Amino acid sequence: MTAALTNSSKRLSDAELISLFLQGRDTSYFTQLYRRYAGKVFAKCYSMLSDEGMARDATQDIFIKILGSLARFTENSSFSTWLYAVTYNYCIDIIRRRKKNLLIFTEDPGKISDEIETDVPDSLILDMETRRLERVMDKIPPGDRAILNMKYIDDMPVREIAEVLHKTESAIKMQLMRAKAKAQEVYHELYGDKPVGQ
Amino acid sequence: MSNSLKKLEEEREKMLPPDLEGRITSHLGSIHHWGDVAELFVSGAVSTMAMLFGSDRTGNPAEQNVNWREKPVPPRGDHDSDDI
């Protein structure tokens with residue numbers, strides 16, 4: 001790969017890199033996409049799988065997987081949204097296969113009960129000291145973790161989260177409330193009444 | 001705007017193993033290589049099959065008469081003295 005090609009490819013958009021890679025099969029365009037997103041994919045896998053080695057293997061598998069399906073990528077959504085959707089679903093699939101009886105969500109988002117719940121403020125998650133947040137996130141169901149990550153890290157609208165997880169928007173809204181409530185419950189179990197902030 | 005979840009993700013992004021890029025690139029290289037091999041082999045195999053079934057390299061029916069019952073027509077300019 002030439003340095004000039006790498007420097008010029010840095011200025012290209014994701015869609016342009018994909019198009020050039022598919023046209024000419026020059027691997028440097030794919031390498032550029034990898035450099036843009038590998039860190040984020042790895043961080044998401046680590047968050048979902050709670051294991052550095054598994055996160056590394058998953059990141060490798062995800063990039064090889066998307067390499068084979070790049071031709072099917074349509075610009076209906078951004079490349080990052082598509083890549084993150086593949087990442088979350090891949091991790092949820094691994095967790096399902098590893099622990100068949102594990103609850104993926106606090107409650108199945110397809111079965112929404114009519115009970116009225118109070119919405120936990122976002123600040124509980126967003127202002128929590130990072131080491132405590134790390135422990136809390138590790139103890140909530142992986143599906144809830146994925147929803148919280150998509151909402152508060154990837155800034156995805158509820159509609160997109162629903163598309164990624166193949167659920168309805170109302171189911172995702174309800175699941176988001178439950179995920180925050182679960183995080184609050186776990187926080188109280190671990191840290192009692194200590195304030196969440198630094 | 002940054003929040004605790006984003007900070008946690010940024011910390012983890014820095015933990016990306018540096019050797020992973022090499023592993024992906026070598027995989028990418030081998031796919032590229034085998035793609036070339038497949039392209040070469042498949043086009044060669046198609047051309048051979050086409051010729052076996054009586055077509056020329058372009059896929060059109062062969063122009064030469066290959067009927068074994070008829071005497072072969074020698075190429076132009078290569079007639080022998082028997083015809084004189």
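The values are calculated or read from the model by the stated rules, or taken from the named source; none is laboratory data. On a predicted model such as this, the values are computed, not experimentally measured, just so you know. Here Cβ is always computed from backbone atoms with ideal geometry, including for glycine, and neighbour counts include all displayed protein chains. The accessibility values were calculated without ligands, DNA or RNA, using every heavy atom of the protein model including side chains. Shrake-Rupley method; radii C 1.70, N 1.55, O 1.52, S 1.80 Å.
Among the residues of segment A:95-117, at least one is modelled with pLDDT of 85 or more and open to solvent by less than 70 Å² (accessible area, probe 1.4 Å). Would you say A:A58 is of a type outside the set (S, T, Y) and farther than 16 Å from B:G22 by Cβ? Yes: the conditions hold for A:A58. Looking for something within 14 Å of chain B (Cβ to nearest Cβ), surrounded by 14 or more Cβ atoms within 10 Å (Cβ to Cβ), without any contact (Cβ under 8 Å) to a residue 40 or more places away in the chain and under 16 Å from the mean Cα position of the chain (by Cα) - is there at least one such residue anywhere in segment A:69-85? Scanning segment A:69-85 turns up no residue that is within 14 Å of chain B (Cβ to nearest Cβ), surrounded by 14 or more Cβ atoms within 10 Å (Cβ to Cβ), without any contact (Cβ under 8 Å) to a residue 40 or more places away in the chain and under 16 Å from the mean Cα position of the chain (by Cα). Working only within segment A:116-150, note down all residues that are under 13 Å from A:K44 (Cβ atoms) and more than 9 Å from chain B (Cβ to nearest Cβ). Residues satisfying the conditions are A:P142, A:R145, A:A146, A:I147, A:M150. Restricting segment A:50-63 to residues that are assigned to a helix (DSSP H, G or I) and open to solvent by 10 Å² or more (accessible area, probe 1.4 Å), the residue that is farthest from the other protein chains (Cβ to nearest Cβ) is A:M54. For A:E169, the conditions (1) at pLDDT 90 or above; (2) open to solvent by less than 60 Å² (accessible area, probe 1.4 Å) are fulfilled apart from (2).
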